[in-house]
Amino acid sequence: MSPLTIAVILQFAAVAVIVAEVIIPSGGLLGLLSACLVGYSLYMVFCDVSVNAGYLLLGIDVAALPLVVLACLKLLAKSPATLRTELSSSAGVTSQSPGLETLVGRKGVALTNLRPSGIAVIDGRRVDVVSRGEYIDKDSDVAVIAVEGNQVIVAMEE
């Protein structure tokens, strides 16, 4: 078998290993193997075929390998192995229970000690709450002062 044929087979093997690297998490070992295959095939072409053929193959590698990686990533994104569902507010997904904003200004009772987080009953509903850092005893009256993201912030009612 001619050195050029072996070099081309090594190049195709390197592309296959790059595709496997995209799909299989190997910690870079498959990428290193692919780089070794490309390097050895280039060495063979430069030494056994000609310098011009080596430069031609090097140019093809520089142009084609990044395109192969991008194509693999795009195919992987469309494959059934990936999650295609996007979690967005337009799809009705929220990071907090609906209606928490309506609790601002409401009063309740701490079911647990708030150190600074705990549970309170506000308008007959159990709610995970946090204080602004202060300790609040169990059975203390609390008032909701803000809702920030997923947190219902309370303070002792005075």
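Within the range 20-46, the set of residues being within 20 Å of the chain's Cα centre (by Cα) and either surrounded by 18 or more Cβ atoms within 10 Å (Cβ to Cβ) or assigned to a helix (DSSP H, G or I) (or both) comprises 20, 21, 22, 23. Listed by first and then second residue, the pairs with beta-carbon distance under 7 Å, at least 6 apart or on different chains, first residue in the range 12-27 and within 11 Å of residue 68 (Cα to Cα), second at pLDDT below 85 and outside any loop (DSSP other than H, G, I, E, B), are 15/68; 18/68; 18/69; 19/72; 22/69; 22/72; 22/73; 22/76. In summary, strands (runs of 3 or more DSSP E) completely within the range 102-149 and bearing 1 or more residues that are exposed (fewer than 15 other Cβ atoms within 10 Å of the Cβ) and touching a residue at least 24 places away in the same chain (Cβ under 8 Å) occur at 107-110, 125-131, 141-148.
The values are calculated or read from the model by the stated rules, or taken from the named source; none is laboratory data. None of the values given here were measured: they were computed from a predicted structure. So basically every Cβ, Gly included, is an ideal-geometry build from the backbone, and we count neighbours across all protein chains shown.
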